[in-house]
Amino acid sequence: MDASTASVLGDLLHDPWFQLTFLLVVSLFASFLFARFGQPKVIGYIVVGVVIGGSVLGIIESPIDGGGGTEPAESTPAWALAKLGSIILMFMIGLQCELKEIYSRRSIVIALGGVLLPWVAGYYTANLMGYGEPESVFIGAALVATSVAITASVMSELGMVGTPVAYALLGAAVIDDILGMIVLAISGGIAAETLDYIEILMLGVAAVAFIAVAGFVGSRYITKLVFQVQVSGYRRKLPMSGFVLALSVAFLFAFISESIGISAIIGAFVAGTVFSGSALRDGLLKGSTYLEALFVPLFFVSLGTEVDIGEIWGAIVFAVILIAVAIVSKMAGCAIPARATGMSFWDSMAVGVGMTPRLEVALVIAYYGLTANIIGPDIYSVVVFMGLATAIFSPLLIKRIMLRGGHPVDLSA
């Protein structure tokens with residue numbers, strides 16, 4: 001290949017519209033391939049993302065870090081649409097969940113166990129491997145939060161949304177994510193020796209207040225407004241009016257939750273639960289399905305492109321140990337409380353396994369630590385690899401556990 005051809009090809013690969021075209025095509029290929037072998041599609045998306053990313057074929061540079069250029073990640077079209085996919089996914093999952101069933105005492109107990117044990121286990125593991133106090137505290141924090149999007153996607157593929165297991169899983173994962181952001185704030189403060197207890201308390205209060213207020217106002221007032229807009233729009237031959245307004249509410253809730261300091265997908269999930277009891281629920285689900293098919297694969301493929309396999313080999317022993325600790329600590333920390341609150345053995349194991357993926361949350365925490373000079377590139381790559389490994393492990397095992405527990409699982413997923 002001569003220089004001019006390589007230059008043209010390079011320009012083509014950096015063109016945002018070509019990137020979107022390529023990402024959609026490879027995600028479609030991945031879904032067919034992994035469905036052929038009876039595996040969850042989310043794994044295919046992530047694995048294909050790793051293969052086409054910078055660490056293997058180098059076809060697509062990570063849209064999460066702006067493709068290695070000066071443009072911030074949030075302004076690149078690929079990552080903006082990928083992030084949209086995560087919001088659509090969580091909005092759809094929320095539509096299939098009852099608010100009062102999600103935020104239960106059981107979910108809180110499971111989430112607490114899933115935070116404390118991994119944090120302590122991660123800290124002592126890193127400490128024993130020779131890392132200093134700031135790095136160890138931060139590595140422990142990276143093991144805390146659950147990837148709500150991956151857990152929700154697996155539950156949806158298996159046809160398990162609306163079951164007691166899914167309610168416990170999703171409720172605990174949402175609470176876990178909020179606690180994870182609090183733990184991140186604590187870890188960052190300890191590492192920088194500027195721990196602000198008032199700021200951490202305010203983060204927790206704001207997160208809880210947002211969920212409570214958004215749930216109350218949304219179910220009491222916003223759903224009625226959306227219904228009225230839908231009726232009025234239908235009369236004027238604008239049948240999608242209610243759907244557009246409901247989706248606008250999801251984006252607004254995502255914006256508010258991210259402004260508070262928790263993940264945008266938490267806000268989208270809360271918005272979905274608000275409309276779960278609405279007469280428009282089925283219509284909203286139907287409309288969101290087409291958006292899900294388009295944007296959700298972009299989200300998971302983009303996460304896969306972030307993994308740099310080359311950086312991991314320098315700390316491969318620590319990476320393997322950390323992955324084992326991440327899986328075992330999360331399973332034990334969540335399964336034991338689930339069993340203690342009355343769930344069966346296999347349902348408790350399903351909850352434990354379902355809480356193990358850390359992928360996009362691990363990326364956020366690792367990136368924060370790297371840019372704040374708390375951790376180096378080696379630890380960053382290990383944490384990202386840990387997130388990838390746990391994201392692949394969970395979908396593979398949870399189907400088998402659900403079958404052993406006697407649940408009617410969708411075997412085509």
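Each value in this text was obtained by applying a stated rule to the coordinates, not by laboratory testing. Predicted model only: the values in this text are computed from it and were never measured. Counting neighbours? That spans all protein chains shown, and the Cβs are built from the backbone with ideal geometry, glycine included.
Note the full-extension length gain between Leu294 and Leu396 as 0.36 nm times their separation in residues minus their Cα-Cα distance, in nm to one decimal.
34.3 nm
I want to check the label-to-label distance for Ala332 and Met129. Put each point 7 Å from Cα in the C-beta direction and report it in nm to one decimal.
1.7
Net charge near Leu143, counting Lys/Arg +1 and Asp/Glu -1 over other residues with Cβ under 11 Å of its Cβ?
My count for the surroundings of Leu143 gives +2.
Which length gain, in nm to one decimal place, applies between Asp282 and Lys224 when the Cα-Cα distance is subtracted from 0.36 nm times their residue separation?
Roughly 19.3 nm would be gained on extension.
Let me know the shape class of the range 272-314, please: from the alpha-carbon gyration tensor, a ≥ b ≥ c as square roots of the eigenvalues, rounded when a/c is under 1.5, otherwise prolate if a/b is greater than b/c, or oblate.
Here the range 272-314 falls in the prolate category.
Among 81-90, 130-139, 105-114, 16-25, how do they line up by average Cβ neighbours within 10 Å per residue, starting with the highest?
Per-residue Cβ counts within 10 Å, averaged per peptide and sorted highest first, yield 81-90, 105-114, 130-139, 16-25.
At a Förster radius of 41 Å, what calculated FRET efficiency corresponds to the Cβ-Cβ distance of Leu33 and Lys237, to the nearest 0.05?
E(calc), rounded to 0.05, equals 0.45.
In whole Hz, with x marking every Gly and Pro, tabulate ³J(HN,Hα) for the range 217-226 from phi via Karplus 6.51 cos²θ - 1.76 cosθ + 1.60, θ = phi - 60°.
Couplings: 5, x, 6, 7, 10, 5, 4, 5, 4, 4 Hz.
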